[in-house]
1. Among the residues of the stretch 92-132 satisfying the criterion of being more than 22 Å from residue 29 (Cα to Cα) and hydroxyl-bearing (Ser, Thr, Tyr), which is surrounded by the most Cβ atoms within 10 Å (Cβ to Cβ)?
2. For residue 85, all conditions in the list (1) closer than 27 Å to residue 114 by Cα; (2) part of a helix (DSSP H, G or I); (3) of a type in the set (A, V, I, L, M, F, W, C) hold save one; what is the number of the exception?
3. Hey, among 23, 17, 78, 32, which residue is touching a residue at least 40 places away in the same chain (Cβ under 8 Å) and surrounded by fewer than 19 Cβ atoms within 10 Å (Cβ to Cβ)?
4. Considering every residue within the stretch 86-109, establish whether at least one is over 30 Å from residue 140 (Cβ atoms), modelled with pLDDT under 95 and among the aliphatic types (A, V, I, L, M).
5. Run residue 113 past the list (1) farther than 25 Å from residue 10 by Cα; (2) part of a loop (DSSP other than H, G, I, E, B); (3) charged (D, E, K, R) and report the number of the one that doesn't hold.
6. Give the residues of the stretch 122-142 that are farther than 23 Å from residue 112 by Cβ and not in a helix (DSSP H, G or I), sorted by residue number.
Amino acid sequence: MIKLSNELKLNRVVWKDSVLGKDKYNLFRSSDLFVLLSHSENFGLSIAEALSFGLPVITTTNTPWKDLKKYNCGWCIDLKMKKIIKTMEKAICLNPKKKISMGKRGRAWIERDFSDQSIAPKLQSAYNWILNKGPKPKKIIF
């Protein structure tokens, strides 16, 4: 992918290893798209972080982020070179206003379904059930 981005002269594409703290904040704030191509992810916290910063996301179907399409805040694609290239071209050429709208939808989704205000009551319900102080929550899987 690095070779391809160089061949296509994508000067605004940045390839990074681990970034922390203020550097990570600044990197997210200066970006308009987040890409995580993966063979497997159990959650992909970096995807949630990118969405929380209002960035549209491109990731692969090997991650649990298939709802990107449902919420129209990114792309969840097969890990195939032609599909990756086509999707990146589409995302990079997308009207800036559409990217911003996608980012807003992604942030709203993260706030609604993954924020501490959303998760805490679900955890409390699970703990109550474990302690025999409440009914079994609907989404407990054995």
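The values are calculated or read from the model by the stated rules, or taken from the named source; none is laboratory data. All of these numbers come straight from a predicted model, not from anything done at the bench. A quick note on method: Cβ atoms are made from the backbone with ideal geometry, for glycine too, and the neighbour counts reach across all protein chains shown.
1. 125
2. Every listed condition holds for residue 85 apart from (1).
3. Numbers: 23 fails: touching a residue at least 40 places away in the same chain (Cβ under 8 Å); 17 fails: touching a residue at least 40 places away in the same chain (Cβ under 8 Å); 78 fails: touching a residue at least 40 places away in the same chain (Cβ under 8 Å).
None of the other options fit; the residue is 32.
4. Checking the stretch 86-109: at least one residue is over 30 Å from residue 140 (Cβ atoms), modelled with pLDDT under 95 and among the aliphatic types (A, V, I, L, M).
5. Residue 113 satisfies every listed condition except (2).
6. 131, 132, 133, 134, 135, 136, 142
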